[in-house]
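Enquirer: Let me give you the structure first, and then I'll get to my questions.
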Amino acid sequence: MTAKPDLKTDDLAFDSSKAAPMTRKASRAFRIWIAVVICVLAALWVETSKTTHQTYNLFLSGDSQVLGAAVIVDGKLCGAMSGSGSSGLGGSIYYGRVSNGRHKIEVRKQGFTPLVKEIDMHGEDYISVDLNPTKL
């Protein structure tokens, strides 16, 4: 029969001075998520900072007889009703930009009664243009 060694409480205690220093590997997940967020924000900024398009807030639409009619805003010629092009819509359209506030919109074409409309612009306005032929 063998004798059991007498274990003392001090023998069971961990001696930290003899153990190898414990190093914890830092997680890179946080850095990866930050990099992803920065890349997404940079891509959004690049896409939205392009100045190739203007923002319009005044939209006029009419049938084909309105094509070529002059668009006058506050007494100033701003353009003409043009064909709708490849939009798939028939008729004519005009896109413009005006500041907020009251404006006088006129659409004039020879041989037709002009459309004169007062608007109070707050954001966007859509106007349907119907010109009637003048009576002889």
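The values are calculated or read from the model by the stated rules, or taken from the named source; none is laboratory data. Just so we're clear, the structure is a prediction, and the values are computed from it rather than from any experiment. A quick note on method: Cβ atoms are made from the backbone with ideal geometry, for glycine too, and the neighbour counts reach across all protein chains shown.
Enquirer: Determine which single condition Gly96 fails, assuming it passes every other condition in (1) surrounded by 10 or more Cβ atoms within 10 Å (Cβ to Cβ); (2) touching a Pro at 6+ places or on another chain (Cβ under 9 Å).
Expert: Exception for Gly96: condition (2).
Enquirer: Next up: Just one of Ser86, Ser82, Ser128 is at pLDDT below 90, within 13 Å of Phe59 (Cβ to Cβ) and not basic (Lys, Arg); which is it?
Expert: Of the residues listed, the single one that is at pLDDT below 90, within 13 Å of Phe59 (Cβ to Cβ) and not basic (Lys, Arg) is Ser82.
Enquirer: Same structure again: With the structure loaded, tell me whether Ala70 is over 22 Å from His122 (Cα atoms) and either in contact with a Phe, Trp or Tyr (Cβ under 7 Å, 6 or more places away or on another chain) or at pLDDT 85 or above (or both) or whether it fails that test.
Expert: Yes, satisfied.
Enquirer: If you don't mind, there's one more thing I want to ask. Would you kindly identify the strands (runs of 3 or more DSSP E) lying entirely within the range 73-136 that contain at least 3 residues that are over 23 Å from the mean Cα position of the chain (by Cα) and basic (Lys, Arg)?
Expert: By residue number, 101-108.
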